[in-house]
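**Student:** Sharing a structure with you now.
Please treat every number below as a calculation from the coordinates, not as lab data. Everything numeric here is computed off the predicted structure, so don't read it as measured data. Neighbour counts run over all protein chains shown; Cβ positions are idealised from the backbone, glycine included.
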Amino acid sequence: MKVNIKNNVDWVGKIDWELRKFHGDEYSTHKGSSYNSYMIREGKTVLIDTVWKPFDKEFVENLKKEIDLKSIDYVIANHGEIDHSGALPELMRHIPDTPIICTANAVKSLTGHYHQGWNFQTVKTGDSIDIGNGKKLAFVEMTMLHWPDSMATYLTGDNILFSNDAFGQHYASEYFFNDLVDQSELMNECIKYYANILTPFSALVEKKINEVLAMNIPIDIIAPSHGVIWREDPVQIVTQYMEWAKAYQENQITLIYDTMWDGTRIMAEHIAKGIRKKDPDVNVKLFNVSKSDKNDIITEVFRSKAILTGSPTIGKGITSGMAGLMEEIKGLSFKKKKAAAFGTYGWSGESPAVLSEWLKKSGFELLNEGIRALWNPDEEARIKCLAFGKEVAQKTH
Ligand code: FEO
């Protein structure tokens, strides 16, 4: 299948409606995804990126129906990760000498994955190739957005920025373009993608976007490597990224907890009540880590000005569910967010201290030393949780 994007540029990728987990089990994709590959037919024929490995044969067979593979002059590999390069071995089997244009770092990742002696031609920011009919492809290194090998490719004349992972979403849609899909669904997938993948690189996002804007190039279309293509007001997603990159937060406090016999849940609910009593405007959300999707929780952390994490004490520590989430939160390097810990215990009671340590080393500003309650919280403990919530509201207002 191919879909025309503009003039001689076609989408030749794969929509993966079935995908529910990505990066192994690391990222949930409730709405599937797509692996966007693009074909440009000007004086030269160019293929930008491929698709994930399970679809390699299907991808190459589809391409064969559109063009003689031998007519491909250049393959552009904007990024070496398998979801975009997975069909390269199958494709290059047919055209082993065709140049693969990529960054020097992508030579490392592509060789590391596939161990092939392909005809790599490395490019840097500012380099370009002439593809005939007065058009050029210009390259912009997108280092750490989100891998060291990432790159974007800009097509002059048609003014299309092939941005690879940046500005993408894990969102399967047969509509293909941003103006045709449900806007709320689209933005939910965009913020989840940013929160879970790009948060640690926010300083670089801001710097890179400023660098691209300073080039003063007209951008009519942003064509990412996942999800829908931005053809209506494409700059909206650039503006949105700039906002997200600046230690984004909303007036939201999120409580994330695990519970064994309901005690920590009862604490969470009373703390939440206390927050709302003191500050009726704040959006308070509660998530049981064992019953919620962790990537959706991360998105809520991203939206929050403060988070409260709770766990009963088990084995002198916290539950494995909370430990897994805290490891993920640590890796995302959230900035300018506040936090505190809570939890029930029966005997030793270390969980609030263990969680506080996690929060501290993850860059959160601790609001206090946390709160714990013995066994199932009695009336006195519940009143203490209410007061704790009020204190949190006051310190985060
Ligand atoms: Fe970094 Fe879509 O792969």
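**Student:** Under the 0.36 nm per residue contour assumption, what length would be gained going from the current alpha-carbon distance of Glu206 and Gln236 to full extension?
**Tutor:** 9.3 nm
**Student:** Starting from the Cα gyration tensor of segment 280-397, take the square roots of the eigenvalues, sort them a ≥ b ≥ c, and report rounded, prolate or oblate (rounded when a/c is under 1.5, otherwise prolate if a/b is larger than b/c, else oblate).
**Tutor:** oblate
**Student:** Taking the Cα centre as origin and putting +1 on Lys and Arg beta-carbons and -1 on Asp and Glu beta-carbons, what dipole magnitude results for segment 252-392, to the nearest 20 debye?
**Tutor:** The calculated dipole for segment 252-392 is roughly 460 debye.
**Student:** Restricted to Cα positions, what overall size does segment 92-218 have along the principal axes? Three whole-Å values, descending.
**Tutor:** Extents along the principal axes, in whole Å: 45, 36, 33.
**Student:** When all alpha-carbon pairs of segment 74-136 are counted, what percent fall beyond 17 Å?
**Tutor:** Percentage above 17 Å: 37.
**Student:** Please tell me the relative contact order of segment 252-392 in percent, rounded to the nearest whole number, where contacts are Cα pairs under 8 Å and at least six residues apart.
**Tutor:** Answer for segment 252-392 is 31 percent.
**Student:** Sort 47-55, 26-34 by the packing proxy (mean of other Cβ within 10 Å over each peptide's residues), most packed first.
**Tutor:** Per-residue mean Cβ counts within 10 Å order the peptides as 47-55, 26-34.
**Student:** Could you work out how far the C-alpha centroid of segment 322-385 sits from that of segment 151-224, in angstrom?
**Tutor:** 36
**Student:** Rounded to the nearest whole Å³, what is the per residue volume of the convex hull around the Cα atoms of the chain?
**Tutor:** So the per-residue Cα hull volume is 136 Å³.
**Student:** Okay, helix-only estimate at 222 nm for the chain: each DSSP H run of n ≥ 4 adds -39500 (n - 2.57), divide by all residues, round to 500 deg cm²/dmol; what do you get?
**Tutor:** It lands at -10500 deg cm²/dmol.
**Student:** Something else about it: So what is the relative contact order for the chain, in percent, with contacts set as C-alpha pairs under 8 Å and at least six apart?
**Tutor:** After rounding, I find 11 percent.
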